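Novice: So that we are looking at the same thing, I have put the structure below in structure tokens.
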Amino acid sequence: MRNFVQRGDTLDVTAAAAISSGDGVIVGSIFGVANVDAEIGDTFALDVVGVFDLPKVSALTISVGDTVYWDNANKLVTKTAGGNTKIGVAVTAAANPSPTVNVRLNGSF
């Protein structure tokens with residue numbers, strides 16, 4: 001197929017801020033998890049699909065299958081849409097309190 005560009009599981013994007021490998025990152029309406037550390041202006045690989053263990057609001061209870069969002073101000077997973085970015089669904093339950101939840105990213109949001 002001549003018009004195929006790439007699978008799209010990982011995208012090369014430019015860092016708007018310093019980031020660390022494993023950080024949740026928003027670029028426009030794209031959410032993903034950084035593969036590497038990057039400084040402002042660096043191009044880096046961003047995974048936009050897959051399952052990742054991400055930090056969450058500690059007091060929040062999340063069930064398997066819950067739709068989850070990224071609170072970019074606090075860099076945490078939440079269940080509140082508001083001004084947050086939809087990132088995928090929880091694939092593990094996370095009790096109150098707990099620091100993380102496993103999220104299956106949906107690269108099409």
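The values are calculated or read from the model by the stated rules, or taken from the named source; none is laboratory data. The model shown is predicted, which means the values in this text are computed figures rather than measured ones. A quick note on method: Cβ atoms are made from the backbone with ideal geometry, for glycine too, and the neighbour counts reach across all protein chains shown. What goes into the accessible areas is simple: the full protein's heavy atoms, side chains included, and nothing from ligands, DNA or RNA. Shrake-Rupley method; radii C 1.70, N 1.55, O 1.52, S 1.80 Å.
Novice: Give me the extension gain from residue 95 to residue 64: residue separation times 0.36 nm, minus the current Cα-Cα distance, reported in nm with one decimal.
Specialist: Computed gain between residue 95 and residue 64 is 10.1 nm.
Novice: What distance in nm separates the simple spin-label points at residue 72 and residue 45, each placed 7 Å from Cα in the Cβ direction?
Specialist: Here the answer is 2.4 nm between the modelled labels.
Novice: Take residue 11, project a point 7 Å from its Cα along the Cβ direction, then tell me which residues of the range 36-71 have their backbone nitrogen under 19 Å from it.
Specialist: Label zone hits: 36-52, 68-71.
Novice: Oh, and also: Hey, any idea what % of the chain's accessible area is carbon plus sulfur with a 1.4 Å probe? Kindly include the intermediate steps, with their values, before the conclusion.
Specialist: Details: 3170 of 6170 Å².
Answer for the chain: carbon and sulfur cover 51 percent of the accessible area.
Novice: DSSP loop (so not H, G, I, E, B), at most 11 other Cβ within 10 Å: list which chymotrypsin sites (Phe, Trp or Tyr not before Pro) in the range 2-69 pass both filters.
Specialist: In loop regions of the range 2-69 (DSSP not H, G, I, E or B), the sparsely surrounded chymotrypsin sites (Phe, Trp or Tyr not before Pro) are 4.
Novice: Also, I was wondering about something else. Restricting to DSSP loop positions (anything but H, G, I, E, B) with no more than 10 other Cβ atoms inside 10 Å of their own Cβ, which trypsin sites (Lys or Arg not before Pro) remain in the range 1-63?
Specialist: Passing both the DSSP loop test and the Cβ count: 2, 7.
Novice: Between rounded, prolate and oblate, where does the chain land on the alpha carbon gyration tensor, with a ≥ b ≥ c its root eigenvalues, rounded for a/c under 1.5, else prolate if a/b exceeds b/c?
Specialist: Note, shape of the chain comes out prolate.
Novice: Dipole of the range 39-94, Cα-centred, from +1 at each Lys and Arg C-beta and -1 at each Asp and Glu C-beta, to the nearest 20 debye?
Specialist: About 280 debye.
Novice: On to the next question. Run the 1.4 Å probe and let me know the accessible area of residue 100, rounded to the nearest 10 Å².
Specialist: Rounded to the nearest 10, that gives 50 Å².
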